[in-house]
1. So, of the residues in segment 1-25 that are within 19 Å of Leu48 (Cβ to Cβ) and out of contact with any strand residue (DSSP E or B) (no Cβ under 9 Å at 6 or more places or on another chain), which turns out to be surrounded by the fewest Cβ atoms within 10 Å (Cβ to Cβ)?
2. Tally up the residues in segment 120-150 that are within 16 Å of the chain's Cα centre (by Cα) and farther than 27 Å from Thr41 by Cα, please.
3. Quick one: in segment 79-106, of everything that is open to solvent by 60 Å² or more (accessible area, probe 1.4 Å) and among the hydrophobic types (A, V, I, L, M, F, W, C), which residue is nearest to Asp37 (Cα to Cα)?
4. Looking at Val111, is it part of a helix (DSSP H, G or I), touching a strand residue (DSSP E or B) at 6+ places or on another chain (Cβ under 6 Å), open to solvent by less than 40 Å² (accessible area, probe 1.4 Å) and under 21 Å from Leu19 (Cβ atoms)?
Amino acid sequence: KISKNALELAGEFLVLANLSIKGYVATLTLGHTKSIDILLTNPLTGRLFKVEVKTTTNGVSKSRQFGSNIEWRMDEKHEKIIDKDLFYCFVQLEGGKIENPRFFIVPSLKVAQFVIEDEKYWRSIPRKKEVKYTGMRLFRISADEASRGLSAKNYENKWVYFDK
């Protein structure tokens, strides 16, 4: 089993490698910068971006209420983190394998909006037993068109956000 720390680092290094290959100047913050894993600059525009990397080894999760999605654990604090220069890169390493990673680049505003709306929906689901509410949230990328997650086609490999 891969430790949480090793998984997070693997995701960060995979994102960093992809950014470097695409010609961006990027560096890891090595955990010293809160909510920012990678700082990058577009050498053509000079614009600085911040990237928060979230990595999962899970495959597609299926539920009656949410459909088929890839999910990442978030926190209620992500409802309030909105910055035009901050992007999340959600990495899927299904089964912990790095051979076919998937990358979903999502602006922080979209993440905050999704986490808020998804939590409202989750709380609105009728239940027989009372559920204890926590600060845990989930971010979802849909595996099919009928799911509640954000559409994969709109965010998968959208490195072009950093071309601006």
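1. Let us first name the residues in segment 1-25 that are within 19 Å of Leu48 (Cβ to Cβ), namely 12, 15-16, 18-20, 22-25.
Now restrict to residues that are out of contact with any strand residue (DSSP E or B) (no Cβ under 9 Å at 6 or more places or on another chain): 22-23.
On the way: Lys22: 14, Gly23: 12.
Restricting to residues being within 19 Å of Leu48 (Cβ to Cβ) and out of contact with any strand residue (DSSP E or B) (no Cβ under 9 Å at 6 or more places or on another chain), the top hit is Gly23.
2. Let us first name the residues in segment 120-150 that are within 16 Å of the chain's Cα centre (by Cα), namely 136-143, 148-150.
Imposing the further condition that a residue be farther than 27 Å from Thr41 by Cα reduces the set to 136-138, 140, 142-143, 148-149.
Here the count works out to 8.
3. Ile82
4. yes
The values are calculated or read from the model by the stated rules, or taken from the named source; none is laboratory data. Please read these numbers as outputs of a predicted model, since none were measured by experiment. Note that each Cβ is placed from the backbone with ideal geometry, even for glycine, and that neighbours are counted across all protein chains shown. Note: areas computed on protein heavy atoms with side chains; ligands, DNA, RNA excluded. Shrake-Rupley method; radii C 1.70, N 1.55, O 1.52, S 1.80 Å.
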